[in-house]
1. Assuming a ≥ b ≥ c are the square roots of the Cα gyration tensor eigenvalues, decide whether the range 4-160 counts as rounded (a/c under 1.5), prolate (otherwise, with a/b larger than b/c) or oblate.
2. May I ask you to list the residues of the range 192-215 whose amide nitrogen lies under 19 Å from a point 7 Å from Cα along the Cα→beta-carbon direction of Asp161?
3. I need the semi-axes of the equivalent ellipsoid of the range 29-104: take the C-alpha gyration tensor, multiply each eigenvalue by 5, square-root it, list largest first in whole angstrom.
4. Placing one identical point scatterer on every Cα of the range 65-140 and ignoring solvent, what is log10 I(q)/I(0) from the Debye formula at q = 0.14, 0.24 Å⁻¹?
5. Taking the simple approach of a point 7 Å from Cα along Cα-to-Cβ for both Ala265 and Thr183, what is their distance in nm?
6. As I understand it, the dipole of the chain uses +1 on the Cβ of Lys and Arg and -1 on the Cβ of Asp and Glu, about the Cα centre. Which of Ser30, Leu201, Ser79 lies farthest toward its positive end?
7. What 222 nm value per residue comes from the helices of the chain, counting each DSSP H run with n ≥ 4 as -39,500 (n - 2.57) and dividing by all residues, nearest 500 deg cm²/dmol?
8. If each residue's Cβ is checked for other Cβ atoms within 10 Å, how do Tyr85, Tyr65 rank with the fewest at the top?
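We did not get these values from a lab; they are worked out from the coordinates using the rules stated. All values reported here derive from a predicted model rather than from experimental measurement. Please note: Cβ atoms are built from the backbone with ideal geometry, for glycine as well, and neighbour counts cover all protein chains shown.
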Amino acid sequence: MRSEIEDTPDTPATPGPAHIVVLGNEKGGSGKSTTAMHVAVHLLRQGYRVGCLDLDARQGTLRRYIKNRLDYVKANNLSLPSPTYAVIERVELESRSDSEKREEAMLDAFIAEFRASHDFLIVDTPGSDSSLARRALGHADTLLTPMNDSFIDLDILGQVDPNSHKVVRPSHYAEVVWEQRKTRAGRGSRPIDWVVMRNRLGTLDSANNRAMETALEDLANRIGFRLVVGFTERVIFRELFLMGLTLLDLRDVGADIKLSMSHIAARQEVAQLVNGLNLGAPAGPSDDENTGRTAP
Ligand SMILES: Nc1ncnc2c1ncn2[C@@H]1O[C@H](COP(=O)(O)OP(=O)(O)OP(=O)(O)O)[C@@H](O)[C@H]1O
Ligand SMILES: [Mg+2]
């Protein structure tokens, strides 16, 4: 019997000004949603038009984060730049495969719409394999993979020999990225710039740190990603979510959170991360980091 839903073609090339950054890692809790929000607000504060797409409808962390922000801004009569956002809701048809095709078509449509009207689109994906997350990878100009500084997280990217710390073989996620790279190359799209970011870094040098570095450098060469330094482990990240704030907003929120030296260092980490992404400048940004105005 013929399905009512047509096969979705390969991810279409979606020309437009927006640069698409996908946050992806099949490991849950690695910092995708937190990083997505910080990158989005950093770019907003540079004057860019930023849209966010939450593909993790079940958890909806990024949606919640942005809603919390809008509520906080309203309750405190503040003016903080906020991204536009959309969520791809889960489709529950009789057949899972039909549902996936419908979800993928919704994703393509949202991306086409956002691409035309934004400078950057930040896409947050769930911490597990899904057809929607794979489809999003096909759209990614940049894939940003945060990983916690542990061999458990590294195992999602590649299996490492416990003695030599050399990579034995790439893992499932690396193969998923490889497939999407081939698809993009096949249709002449620019290659995905895959950037792996070490998150929740400890401040102490340790044997574990050094072993992770060796293994990650080996893996980067083997499966083709760049490494950037991410965020230090800081309690503030967990506190900001409820107010929908990022480290970049702390100067503008008055007495709710006092800006400390540690916060200033953390803000610099965010700026360093975004610089390391080499996102380019699609539409002239404002020079003033704090205006949050929309780029012309
Ligand atoms: N650098 C950090 N220091 C301290 N806590 C952090 C840091 N980065 C993220 N966290 C915290 O770790 C938890 C998981 O982060 P987050 O929700 O961003 O991960 P995720 O990859 O989106 O998770 P999921 O896969 O479940 O969607 C959150 O409580 C967040 O506040
Ligand atoms: Mg998340």
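1. oblate
2. So the set is 210-215.
3. Details: eigenvalues 160, 35, 26 Å².
Ellipsoid semi-axes (Å, largest first): 28, 13, 11.
4. Values, matching the q order: -0.58, -1.13.
5. It works out to 4.2 nm between the two label points.
6. Toward the positive end, the furthest listed residue is Ser79.
7. Values: 9 runs with 117 residues, N = 296.
Theoretical 222 nm ellipticity from helices: -12500 deg cm²/dmol.
8. On the way: Tyr85 20, Tyr65 26.
Placing the least packed residue first, the sequence is Tyr85, Tyr65.
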